[in-house]
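Working notes, structure below.
The values are calculated or read from the model by the stated rules, or taken from the named source; none is laboratory data. Keep in mind that this is a model prediction, so the values were computed, not measured. When we count neighbours, we look across all protein chains shown, and the Cβ atoms used for this are built from the backbone with ideal geometry, even at glycine.
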Amino acid sequence: MIPIPRRRPARHAFAPALAALLCLPLAACGGGSSGAAERTKNPQSPRTSAPAPQSPSAESPSARPSAAPTLPPGPGGTTPVFSHGRRDGAKRVALTFDADMTADQDKRAARGEPFDNPQLITTLRRLKAPATVFMTGKWAEQYPDQARSIGSDPLFEVADHSYSHHAFSTPCYGLPTVARGTARQDVERAFAAFRKAGVERIVPYFRFPGGCYDEAVLREIAPAKVTAVQWDVVSGDAFAKKAGPVADQVLAQVKPGSVVVMHCTRSAAPATEEAIRRIVPELRARGYELVRVSDLIAGG
């Protein structure tokens with residue numbers, strides 16, 4: 001096995017006082033900035049480019065014949081990890097949105113707590129802004145009509161964010177943990193939930209809850225034949241009450257090839273839609289083309 005350098009999870013701008021809230025899905029989805037946070041060992045360095053992106057195998061339960069390209073396997077056949085596209089190419093940036101929901105939040109949703117954000121999707125459509133939506137299986141089950149609508153729109157693509165947003169390695173911001181030996185099943189259970197909801201544009205990408213992973217889990221989920229997608233721009237939209245700081249943070253960090261992580265959950269990221277109304281026009285004014293993650297990976 002080739003030695004793999006250690007990697008930190010994406011950082012989050014959550015004050016220590018919010019630690020009790022980190023069991024909520026959005027709290028560990030790249031929602032903060034470079035503030036101090038609990039850390040986990042992530043031995044694999046992000047693979048930011050690949051000489052020959054590969055089409056996913058038709059044998060993979062998560063793949064479709066027309067699915068987007070994936071990266072070649074990592075060292076020892078592990079799941080490859082992608083954090084950003086080419087820095088020396090065109091000015092392209094991928095906006096990504098995590099649609100989070102855990103298995104224990106059904107009752108809260110039934111009482112009216114909004115884990116969706118239909119206005120955000122409407123705004124993206126109005127702005128003609130492509131995006132990749134990383135969706136949990138529970139979110140697709142709770143909002144099947146919205147999942148199907150997003151997945152049928154060529155502006156978007158739907159990727160896997162686990163079934164119920166449990167951590168795949170620990171420590172991970174206080175998240176409950178996927179049972180040992182069930183990581184691959186969790187990934188594939190989410191894809192199954194998408195298909196059951198009628199989602200069409202499913203891509204073979206997976207985002208670890210909290211961005212937390214290690215070499216062992218990269219090996220365990222390798223048979224699912226997905227590319228793990230991280231990010232290099234943290235929006236700070238989780239729990240943000242004002243859109244201005246979120247937009248400022250994104251615009252200050254973006255580089256050619258960037259992957260921006262944001263959220264599609266009103267209850268815990270209420271300022272995201274307003275921030276997007278500023279972010280998208282400003283990026284375009286700076287000469288950036290908005291693309292999906294699949295476009296960045298296809299570009300090398």
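Can you name every residue in the stretch 189-209 that is under 15 Å from Thr136 (Cβ atoms) and over 16 Å from the mean Cα position of the chain (by Cα)?
Matches in the stretch 189-209: Arg189, Ala192, Ala193, Arg195, Lys196, Ala197, Val199.
May I ask you to list pairs of residues, at least six apart or on different chains, whose Cβ atoms are under 6 Å apart, with the first in the stretch 110-134 being under 12 Å from Glu273 (Cα atoms) and the second being of a type in the set (A, V, I, L, M) and in a helix (DSSP H, G or I)?
Thr123/Ile276; Leu127/Val280
Could you tell me which of the residues Ala167, Ala129 is crowded, with 23+ Cβ neighbours inside 10 Å and among the aliphatic types (A, V, I, L, M)?
Result of the check over Ala167, Ala129: Ala167.
Can we say Asp214 is surrounded by 19 or more Cβ atoms within 10 Å (Cβ to Cβ) and under 23 Å from Arg125 (Cα atoms)?
no
Only one of (1) more than 15 Å from Thr96 (Cβ to Cβ); (2) modelled with pLDDT under 95 fails for Asp186. Which number is that?
Condition not satisfied by Asp186: (2).
Quick grid of which residues meet (1) aromatic (Phe, Trp, Tyr); (2) in contact with a helix residue (DSSP H, G or I) (Cβ under 9 Å, 6 or more places away or on another chain):
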{"residue": "Ala90", "(1), (2)": "no, no"}
{"residue": "Ala103", "(1), (2)": "no, yes"}
{"residue": "Arg111", "(1), (2)": "no, no"}
{"residue": "Phe115", "(1), (2)": "yes, yes"}
{"residue": "Ile121", "(1), (2)": "no, yes"}
{"residue": "Ala131", "(1), (2)": "no, yes"}
{"residue": "Glu141", "(1), (2)": "no, yes"}
{"residue": "Ser152", "(1), (2)": "no, no"}
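Please work out which residue is surrounded by the most Cβ atoms within 10 Å (Cβ to Cβ), limiting yourself to the stretch 138-160 and to residues that are more than 15 Å from Ala109 (Cα to Cα) and among the small types (Gly, Ala, Ser).
Per the criteria, the residue is Ala159.
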